[in-house]
Structure formats: C-alpha cells, structure tokens
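See structure below.
The values are calculated or read from the model by the stated rules, or taken from the named source; none is laboratory data. Owing to the predicted nature of the structure, the values given are computational and were not obtained by experimental measurement. Here Cβ is always computed from backbone atoms with ideal geometry, including for glycine, and neighbour counts include all displayed protein chains. All accessible areas refer to the heavy atoms of the entire protein, side chains included, with ligands and DNA or RNA removed. Shrake-Rupley method; radii C 1.70, N 1.55, O 1.52, S 1.80 Å.
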Amino acid sequence: MLRKKSLEASLLAFDSNNLNRFKKQLDFVYKSGIKNIHYDVADGINVPNVAYGTEWLKELYLKGFTVSVHFMVNKPKKWFSKFADYPFDSLAFQAEPINKLSATLLLKKIKKNGRKCGLAFRPDTDLTKYKKIIKKCDFVTIMGVNPGFGGQEFLKNVTIKNLKLINQIKEENNPNLIIKLDGGVNYDVIKLTSKFVDVYVSGTFLIKQKNPKLLKDFINKC
C-alpha cells in the first residue's frame with residue numbers, strides 16, 4: 001500500500017541574510033504549491049549553528065504556510081515558552097539533550113497547547129530506548145544527517161536502519177505515527193526510502209530546483 005506523502009521546505013536553506021532574496025524564495029516555493037515550512041531553531045549549543053527565533057512565524061502564517069517547528073536546542077522547555085503564543089502547527093524537539101521524563105512532560109505540554117508534538121532523533125541515537133515515549137508522539141523526525149547545517153550528504157546505512165526500526169516501532173506501538181525524514185533529501189534518497197517515510201524535509205536541494213513542484217510531484221508519486 002502506497003503511503004500518502006508530503007513535503008516540507010526547510011527554511012534553514014533560505015537566504016535570510018538577504019531579506020529581498022529571502023522573501024522571493026518564499027514566494028517561489030509557495031507558488032510551486034509547497035505550503036509547508038520546516039522551521040529550524042538552533043541555539044549554537046545542541047548543534048554548532050544558530051538559527052531562527054520567532055521572527056518569521058507570523059509572516060509565514062500570514063502568507064498561508066503551515067509551519068512545523070524543529071528545536072535543535074539544549075533546553076526545549078524554555079524555548080517552547082518563547083514560542084507558545086506564535087502561530088505554528090506542530091513542534092518536534094531533539095530527544096537527546098533531556099531525560100525521558102522531561103521529554104514526556106514537554107510532549108504533553110505541546111499537545112495541551114493545541115499543537116502536534118514530536119521527537120527528532122540524531123542518526124546515532126538508539127531509537128529502542130524511546131519506544132514508550134514515541135507512543136505519545138504525533139510524529140517523529142528521523143535525521144538523515146547530523147543536525148545543524150543544510151546541504152549535507154545523506155547518511156545512507158544508518159538512516160535506512162533507523163527508518164526500518166521506527167516503522168517497526170510504529171507498527172507495534174503507535175499505528176498513526178507520522179514519520180518524517182530530514183536531511184540529505186534528493187530524488188535518489190526519496191526512491192530509496194519511499195516505503196518508510198510520510199513527510200520529506202528538503203532545503204538546499206529544493207531551493208536549487210528550477211521548478212520545486214517537480215520534487216513535490218515526485219514525492220507524491222513514490
């Protein structure tokens with residue numbers, strides 16, 4: 001049975017240093033029919049990069065985008081308090097920096113706030129240790145690269161292993177779980193992983209496309 005798939009455009013790949021170009025890239029993606037934005041937040045501690053705060057959330061919402069926030073931060077609870085009143089659809093945070101009890105409580109808090117909640121996992125994280133917590137997630141994000149920077153090469157062997165494992169956990173514990181793949185996504189990666197993934201996150205590769213709609217259509221056909 002084919003999985004219904006969708007695409008999120010990773011804002012991390014957009015040129016935020018050039019406001020005019022940044023807005024043109026947003027318009028370019030939106031007009032291509034891609035209405036979902038993956039909004040990375042990085043604190044420079046959890047990953048070696050600093051990315052967005054809340055500054056673009058309202059504009060993205062007013063433009064008609066659905067926004068999925070991804071915390072790559074050491075203190076996700078503190079960051080959530082900064083974001084809670086802003087318009088976004090869902091939020092995932094890296095599981096690794098906090099203990100399981102704190103992660104469980106934060107997932108509950110996000111859901112109580114009316115958002116979809118999820119966990120994101122680095123390539124080297126042992127997913128089996130999170131089976132019970134994954135029951136409480138609406139979605140999980142499997143990283144196909146080490147988080148922090150766009151444009152990295154897909155880590156094939158470990159990511160395929162993790163995708164197979166998360167699908168097994170889904171089947172056994174949470175049949176409605178949505179599985180996202182973030183990092184290194186291109187046509188070859190999509191073909192390789194299509195039976196394991198529901199949502200693809202693409203940044204650098206997507207922005208380089210002359211017609212991003214072709215990538216969106218390709219995903220829907222896989």
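Restricting attention to region 169-177, does a residue exist that is among the charged types (D, E, K, R), within 28 Å of Asp15 (Cα to Cα) and surrounded by 14 or more Cβ atoms within 10 Å (Cβ to Cβ)?
In the first step, residues of region 169-177 are kept if they are among the charged types (D, E, K, R); the result is 170-172.
If we keep only those that are within 28 Å of Asp15 (Cα to Cα) as well, we get none.
No.
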Scanning region 1-43 for residues that are open to solvent by less than 20 Å² (accessible area, probe 1.4 Å) and among the acidic types (Asp, Glu), which turns out nearest to Asn220 (Cα to Cα)? Glu8
Tell me the residue from Phe71, Phe88 that is within 14 Å of the chain's Cα centre (by Cα) and in a loop (DSSP other than H, G, I, E, B), please. Phe88
Taking region 201-218 as the region of interest, how many residues are among the β-branched types (Val, Ile, Thr) and touching a helix residue (DSSP H, G or I) at 6+ places or on another chain (Cβ under 6 Å)? 2
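Have a look at Lys180, Lys195 and point out the one that is charged (D, E, K, R) and loosely packed, with under 14 Cβ neighbours inside 10 Å. Show your work before the answer.
Values: Lys180 fails: loosely packed, with under 14 Cβ neighbours inside 10 Å.
None of the other options fit; the residue is Lys195.
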Complete set of residues in region 132-172 that are under 18 Å from the mean Cα position of the chain (by Cα), part of a helix (DSSP H, G or I) and of a type in the set (Asp, Glu): none
Among the residues of region 113-129, is there at least one that is part of a helix (DSSP H, G or I), of a type in the set (Ser, Thr, Tyr) and touching a helix residue (DSSP H, G or I) at 6+ places or on another chain (Cβ under 6 Å)? no
